[in-house]
Amino acid sequence: MLHAFSENAALFELPGRGRIKAFGEDRKRLLHAMSTNHVQQLEPGQGCYAFFLSAQGRVLSDVTILAQSDHLLLDVEPDRRAFIMEHLDKYIIADDVTLEDVSDQQTTLALEGPAAAEILESIGAPTPINDFDSVEWADRLVARTNYTGAAGFHIYISPLDAPVLRETLLDARAVEVSAETVEIARLLHAKPLYGVDITEANLPQETQLTHALHFSKGCYLGQEIVERVRSRGHVNKVLTRLQLPTPAAPGAKVMSGEKEVGAVTSSAFDPRNNVTVALAYVRVEALAPTAPALTVTSPDSAAPAS
């Protein structure tokens, strides 16, 4: 079913994600000061991808922020839901901001692949043009964002209405895919997942997700470290996609010659090309053209990486 991501449109559900609404006149000011992207300039229907950082500049969570007429919708990984509610609430002092956890009131249907826009249009759904833009569709919200890195849309919808829309999309020739297929597609597109490929141990620039960072937006929590890294010009390690001839479990060592230079964070077998695709943090000097070829250790041997 991988072909759906490259030739058609893959349909899958993202249940359990944290969905938090921020209301109040100071909502944009608060989120601007708490995240790495420029929230203050967002108009209704616009959005962005960002990180929440610690004071030490470590990534506490990633977030998609969608601006609506009377609130900001924050979309985070399932296990960050309660944490982000508590994290933001600590910084609401005299601000006019109210947080509402609507996670149980919504689910997300993802439609990703080159035919996604055509299929949505065929059933009368809006198709936002710019990345992270969103448009209301009756009591649903359609956003131009993705989970795997393949171009597409997420539809925020009531769990009770999702089965009907799923059937409508399948009738319009969307292809339903399994969680295993979604994971392979994510790794083929080198799309990191918070809690797996990104943790509180990581600095933002190590992830290579530069679209989450805005370098002239003003002060925010963790900015000093982000600016220090930017002025220094590099980090010591970066998240890199590898292609391997043999399986490699998370934690497998990445070697450059006899030197350990990194570790695998996630991997999956790509049946179309008969290879393992993986994400790993690798030291920058080991990625230089003149550096020894990378290999990844397996229980029995070292497999060459490409």
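Please go through the stretch 182-224 and give me each residue that is over 20 Å from L88 (Cα atoms) and assigned to a helix (DSSP H, G or I), ordered by number.
Scanning the stretch 182-224 gives V182, E183, I184, A185, R186, L187, L188, Q205, E206, T207, T210, H211.
Looking for something modelled with pLDDT under 95 and surrounded by fewer than 20 Cβ atoms within 10 Å (Cβ to Cβ) - is there at least one such residue anywhere in the stretch 9-20?
Yes, some residue in the stretch 9-20 is modelled with pLDDT under 95 and surrounded by fewer than 20 Cβ atoms within 10 Å (Cβ to Cβ).
Only residues that are touching a residue at least 60 places away in the same chain (Cβ under 8 Å) and either of a type outside the set (A, V, I, L, M, F, W, C) or touching a Gly at 6+ places or on another chain (Cβ under 7 Å) (or both): list them for the stretch 137-158, please.
The answer is A143, T145, Y147, T148, A150, G152, H154, Y156.
Just one of (1) free of Cβ contacts under 8 Å to residues at least 40 places away in the same chain; (2) within 19 Å of P192 (Cβ to Cβ); (3) acidic (D, E) trips up D270, so point out which.
(1)
May I ask you to say which residue of G218, G257, G233, G222 is at positive phi and either modelled with pLDDT of 95 or more or in contact with a strand residue (DSSP E or B) (Cβ under 6 Å, 6 or more places away or on another chain) (or both)?
One residue alone meets the criteria, G222.
Does S134 satisfy the condition of being within 30 Å of D197 (Cα to Cα), assigned by TED's automatic domain parsing to the domain that holds D62, surrounded by fewer than 16 Cβ atoms within 10 Å (Cβ to Cβ) and not acidic (D, E)?
Considered against the rule, which asks whether it is within 30 Å of D197 (Cα to Cα), assigned by TED's automatic domain parsing to the domain that holds D62, surrounded by fewer than 16 Cβ atoms within 10 Å (Cβ to Cβ) and not acidic (D, E), S134 comes out as no.
Answer yes or no as to whether E258 is under 22 Å from T295 (Cα atoms), out of contact with any His (no Cβ under 9 Å at 6 or more places or on another chain) and surrounded by fewer than 17 Cβ atoms within 10 Å (Cβ to Cβ).
The answer is yes for E258.
The values are calculated or read from the model by the stated rules, or taken from the named source; none is laboratory data. From a predicted model like this one, the values you see are computed outputs, not experimental measurements. Cβ atoms come from the backbone with ideal geometry, glycine included; neighbour counts cover every protein chain shown.
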